[in-house]
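The structure under discussion appears below in the form of structure tokens.
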Amino acid sequence: MSLKIGDIVPNFTAKDSHGEVFESQSVLGRKPLVIYFYPKDNTPGCTTEACSFRDQYEDFAALGAEVIGISSDSVKSHQKFANKHQLPFILLSDEDKKLRHIFGVRDTLFGLLPGRVTYVIDKNGVVILIFYSMNAGKHIPKALETVKELVL
């Protein structure tokens, strides 16, 4: 499966950084979402991206949007990463890569690195932006601009 612009995001579950089961239906279809897939906790690019989302989190929240970061790291790794960098948003563990499969996130660099992709989903659960770039810094302004267009 691979989500495209205009598709409705299916319901999914995953463990968050507290070890609790996150159910997407708690937010899908209720508010705009920014779901970003990243390669690995505590790597330079991924730390930059997470901290940039952290620094702009209030801007997303003010627009009614939720931010969710997803990687294949363990719950324990996410917990340390979130605590170390004071991340206010949800981190989901995708150790079995089920969510990457649902969303259609491809590996990069000849299959050596998990892909970095940001999805913006409107309050009806419809994908309105899919942004691929290994440049971590470009994801946050693109996502914020798209969310602003949704609500303004």
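Numerical summary
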| item | result |
| --- | --- |
| Residues of the stretch 71-84 that turn out to be out of contact with any Asp or Glu (no Cβ under 6 Å at 6 or more places or on another chain), in a helix (DSSP H, G or I) and open to solvent by less than 30 Å² (accessible area, probe 1.4 Å), as a count | 2 |
| L3, sole failed condition from (1) outside any loop (DSSP other than H, G, I, E, B); (2) surrounded by 17 or more Cβ atoms within 10 Å (Cβ to Cβ); (3) over 13 Å from the mean Cα position of the chain (by Cα) | (1) |
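Yes/no per residue for (1) more than 13 Å from the chain's Cα centre (by Cα); (2) in contact (Cβ under 8 Å) with a residue 40 or more places away in the chain; (3) in a helix (DSSP H, G or I):
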{"position": "E95", "(1), (2), (3)": "yes, no, no"}
{"position": "H101", "(1), (2), (3)": "yes, yes, yes"}
{"position": "V105", "(1), (2), (3)": "no, yes, no"}
{"position": "G115", "(1), (2), (3)": "no, yes, no"}
{"position": "L129", "(1), (2), (3)": "no, yes, no"}
{"position": "A143", "(1), (2), (3)": "no, yes, yes"}
{"position": "E149", "(1), (2), (3)": "yes, no, yes"}
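Residue by residue, here is whether (1) open to solvent by less than 30 Å² (accessible area, probe 1.4 Å); (2) in contact with a helix residue (DSSP H, G or I) (Cβ under 9 Å, 6 or more places away or on another chain); (3) farther than 23 Å from L152 by Cα holds:
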| residue | (1), (2), (3) |
| --- | --- |
| F22 | yes, no, yes |
| P32 | yes, yes, no |
| I35 | yes, yes, no |
| D59 | no, yes, no |
| A62 | no, no, no |
| E66 | yes, yes, no |
| G69 | yes, yes, yes |
| L87 | yes, yes, yes |
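The values are calculated or read from the model by the stated rules, or taken from the named source; none is laboratory data. On a predicted model such as this, the values are computed, not experimentally measured, just so you know. Here Cβ is always computed from backbone atoms with ideal geometry, including for glycine, and neighbour counts include all displayed protein chains. The protein model used for the area step is the full one, side chains on, heavy atoms only, and it has no ligands, DNA or RNA in it. Shrake-Rupley method; radii C 1.70, N 1.55, O 1.52, S 1.80 Å.
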